Amino acid sequence: MSDAKAISVLGICGSLRKGSFNRAALTTAIELKPAGMDVTVADISQIPLYDEDVRAQGFPPPVETLRQEIKAADALLFACPEYNYSMSGVMKNAIDWASRPPDQPFAGKPIAILGAGAGMAGTARAQLHLRQSCVFLDMHPLNKPEVLIFQAQNKFDAAGKLTDDVAKGLIRDLMAALARWTRQVQSTG
């Protein structure tokens, strides 16, 4: 058994709907996380629409909370739904708020992305757009495995439990890879 400090991961779900497939996928990731990893989930539901005039007066409390949670986490896990071929507005809004100066907290963070969608591409296009933002903000996205749960309506039961063994395996592998990636990034940082 290792004496290494547990890896703290902050989960950010881009859907506010309680019964969303992405929230359910994030819950599955928490259940399948490796030993030595702690995952908490950010609440982005109270973050107002981004407004530079508001920011000029200071960060609203929900934004400041998110910024501090990001800063304290060793890594981030995004559950990324796809809306109109891109990431959701609430996810983009949370990223836009949290990334504003001073001291934007995303820089240097290892991250992983998963997503579940009704279509055949899962959330591939949304994840690509999220990756573009991550690169600009100096995050370190994990490349593989990709978790693109397609036809999600057929892979979760009525209680929101993931029933697809392939998807579960990919999520388990993603969480193990995030642990390794976080240790690697921390050792070179």
FRET E, pair Arg17, Leu128, Förster distance 25 Å, beta-carbon r, rounded to 0.05:
0.65
If amide H atoms are built 1.01 Å from N in the plane of the peptide, which residues on other chains or at least 5 residues away come under 5 Å of the amide H of Tyr83?
Ser88
Difference of contour (0.36 nm per residue) and Cα-Cα distance, Asp173 to Ala72:
33.9 nm
Among the lysines, select those whose C-alpha is under 21 Å from the C-alpha of Lys5, and discard any that sit fewer than 8 residues away in the same chain.
Lys33, Lys71, Lys109
Exposure rule at most 13 other beta-carbon atoms within 10 Å, DSSP loop trypsin sites (Lys or Arg not before Pro): the chain longest free segment:
19-160
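None of the figures in this text is laboratory data; all of them are computed from the coordinates on show. What you see is a predicted model, and the numbers here were worked out from it, not measured in a lab. Every residue, glycine among them, receives a Cβ derived from its backbone with ideal geometry; neighbour counts consider all protein chains shown.
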